[in-house]
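Just below is one structure, and these are the notes that go with it.
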Amino acid sequence: MVDPNDVTGNTVFAGSVGGGLWKTTNINAAVPNWTPVNDLLSNLAISSIAYDPTNTQIMYFSTGEGYNNIDAIRGLGVFKSTNGGTTWTQLASTNNSTFHYCQKVVVNSTGVVFVATSSGGLQRSANGGTTWTKVLGTGLAITGALSNFCYDVEVAANGNVYSSLNGSIHKSINAGVTFASAQTLGVVGNRIELACAPNDSNYVYAIVESGGAVAGIIRTINGELRGR
């Protein structure tokens, strides 16, 4: 994650799923110097990093390898910094099994935090991680939401939220408060990774995996994967 507080663009954070959080202040050098932020964090299995656009001193990282590899390291929830990444504290609300394996953390333009988890679906917090609400996954009467394994979550340029469960993609037009039924993909798969075009909310891309191979790479040019 490029540090938004460094106008030169030289400061970058990197997370390792086995080696913790690292930082360089000279990414544009021929050989950047990387240093660990804190080797004594209570969990070093860092899977994703994000900052709050409403206050760039606030940052989050999620933990845990959720893809069932034999050497996967269990996480310990989501950690937060309020001083630009200098120090980090585990969010007490994520010190539980729901957040043991987190694939992704993102923050929208109003500071709402989303975490894609392996057992609790997509989790949403509108109060900086103090409390969380499951907004996508089984048990929520969302057609086609047949899994609690949330692979990815992305925010489009217009604020719409896209998230993928095991085998399905869902869209929210109200900042992730509620999600619509599964969209029509045209390919069958399990793990789905998403990307939203940064300047055009109509363009959303997905790569779909099935049986360890790529089943298809798909896109929408109107924000709806429904074959139109």
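The values are calculated or read from the model by the stated rules, or taken from the named source; none is laboratory data. For clarity, every value in this text was computed on a predicted model and none was experimentally measured. Glycine gets a Cβ as well: all are built from the backbone with ideal geometry, and neighbour counts include every protein chain shown.
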Lys134 fails exactly one of (1) surrounded by 13 or more Cβ atoms within 10 Å (Cβ to Cβ); (2) charged (D, E, K, R); (3) assigned to a loop (DSSP other than H, G, I, E, B), namely (3)
Here the residues within the stretch 160-173 that are over 12 Å from Val106 (Cβ atoms) and either of a type outside the set (S, T, N, Q) or in a strand (DSSP E or B) (or both) are Ser164, Leu165, Gly167, Ser168, Ile169, His170, Lys171, Ser172, Ile173
Of the candidates Ala92, Ala72, the one satisfying the condition of being under 28 Å from Gly211 (Cα atoms), out of contact with any Ser or Thr (no Cβ under 8 Å at 6 or more places or on another chain) and not β-branched (Val, Ile, Thr) is Ala72
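Residues are listed down the side, and each one gets a yes or a no for (1) within 18 Å of Leu76 (Cβ to Cβ); (2) surrounded by 13 or more Cβ atoms within 10 Å (Cβ to Cβ); (3) of a type outside the set (D, E, K, R):
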residue	(1), (2), (3)
Pro4	no, yes, yes
Val7	no, no, yes
Gly20	yes, yes, yes
Thr25	no, yes, yes
Ala29	no, no, yes
Leu40	yes, no, yes
Ser47	yes, yes, yes
Asp52	no, yes, no
Inside the stretch 88-111, the number of residues satisfying the requirement of being surrounded by 18 or more Cβ atoms within 10 Å (Cβ to Cβ), over 12 Å from Gly77 (Cα atoms) and among the β-branched types (Val, Ile, Thr) is 2
Residue hits (the stretch 10-27; at pLDDT 95 or above and in a loop (DSSP other than H, G, I, E, B)) are Asn10, Thr11, Thr25, Asn26, Ile27
Of the residues in the stretch 183-209, those that are of a type in the set (Gly, Ala, Ser), out of contact with any Lys or Arg (no Cβ under 8 Å at 6 or more places or on another chain) and either at pLDDT 95 or above or under 11 Å from Ala157 (Cα atoms) (or both) come to Ala195, Ala197, Ser201
Being in contact with a Lys or Arg (Cβ under 9 Å, 6 or more places away or on another chain) and over 30 Å from Val177 (Cβ atoms) narrows Val115, Val37 down to just Val37
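When only residues in the stretch 9-18 that are small (Gly, Ala, Ser) and closer than 25 Å to Cys102 by Cα count, which is surrounded by the most Cβ atoms within 10 Å (Cβ to Cβ)?
Among them, the one singled out is Gly15.
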Output for Cβ contacts, cut-off 7 Å, separation at least six or different chains, first residue in contact (Cβ under 8 Å) with a residue 60 or more places away in the chain in the stretch 148-170, second assigned to a strand (DSSP E or B), reads Phe149/Leu165; Ala156/Tyr162; Ala156/Cys196; Ala156/Val204; Asn160/Lys171; Asn160/Ser172
Exception for Asp3 within (1) among the acidic types (Asp, Glu); (2) in contact with a strand residue (DSSP E or B) (Cβ under 8 Å, 6 or more places away or on another chain); (3) modelled with pLDDT under 95 falls at (3)
Practice task
Might you let me know whether the stretch 86-99 holds any residue that is in contact with a Gly (Cβ under 9 Å, 6 or more places away or on another chain), part of a strand (DSSP E or B) and under 26 Å from Ala195 (Cα atoms)?
Solution key: no
Inside the stretch 176-200, the number of residues satisfying the requirement of being surrounded by fewer than 18 Cβ atoms within 10 Å (Cβ to Cβ) and farther than 16 Å from Ile218 by Cβ is 7
